[in-house]
1. Which one of 78, 4, 21 is farther than 28 Å from residue 94 by Cβ and modelled with pLDDT of 90 or more?
2. Of the residues 31, 48, only one is of a type outside the set (Gly, Ala, Ser) and either open to solvent by 90 Å² or more (accessible area, probe 1.4 Å) or assigned to a loop (DSSP other than H, G, I, E, B) (or both); which?
3. Determine whether the range 80-97 contains at least one residue that is surrounded by 10 or more Cβ atoms within 10 Å (Cβ to Cβ) and part of a loop (DSSP other than H, G, I, E, B).
4. Return the residues of the range 51-65 that are open to solvent by less than 60 Å² (accessible area, probe 1.4 Å) and under 25 Å from residue 3 (Cα atoms); say none if nothing qualifies.
Amino acid sequence: MTPERVAKSEAELLDGLEALEKRIHNDPSRYLVGDRLSLADISAAALYAPLLPPPDTPWASIGGFSAPAREVLDRIRERPAGQWILQRYRQDRPRTTEQDEARA
């Protein structure tokens, strides 16, 4: 890892978050496609979840980030996209799990 590569990766990460924020119009309660959970929402949230470990997920125990990395992740968590990711897990993951159990 080099400082240049770290900076490039952070820029790419932020570009992705900006694209997500444009799609949801900075509203964490919106879905990416239509008015309900879709594969697009699940995919986008799953890609970013390891960075913002939502409670009650396999990523919740992830730790050991450096202080500079924690600062970046805290800023992401505060952004509309970060709030959207956490809301998808908080709001939709339990409902999806309940629906799966009902189908079994």
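1. Exactly one residue qualifies, and that residue is 4.
2. Details: 48 fails: either open to solvent by 90 Å² or more (accessible area, probe 1.4 Å) or assigned to a loop (DSSP other than H, G, I, E, B) (or both).
Going through 31, 48 in turn, just one is of a type outside the set (Gly, Ala, Ser) and either open to solvent by 90 Å² or more (accessible area, probe 1.4 Å) or assigned to a loop (DSSP other than H, G, I, E, B) (or both): 31.
3. As a first pass, look at the range 80-97 and keep what is surrounded by 10 or more Cβ atoms within 10 Å (Cβ to Cβ): 80-97.
After this cut, where a residue has to be part of a loop (DSSP other than H, G, I, E, B) as well, the list is none.
The answer is no; no qualifying residue exists.
4. Passing the criteria: 51, 52, 53, 63.
The values are calculated or read from the model by the stated rules, or taken from the named source; none is laboratory data. As the structure is a prediction and not an experimental result, all values here were calculated from the model. Reconstructed Cβ throughout: ideal geometry from the backbone, glycine too, with neighbour counts over all protein chains shown. All accessible areas refer to the heavy atoms of the entire protein, side chains included, with ligands and DNA or RNA removed. Shrake-Rupley method; radii C 1.70, N 1.55, O 1.52, S 1.80 Å.
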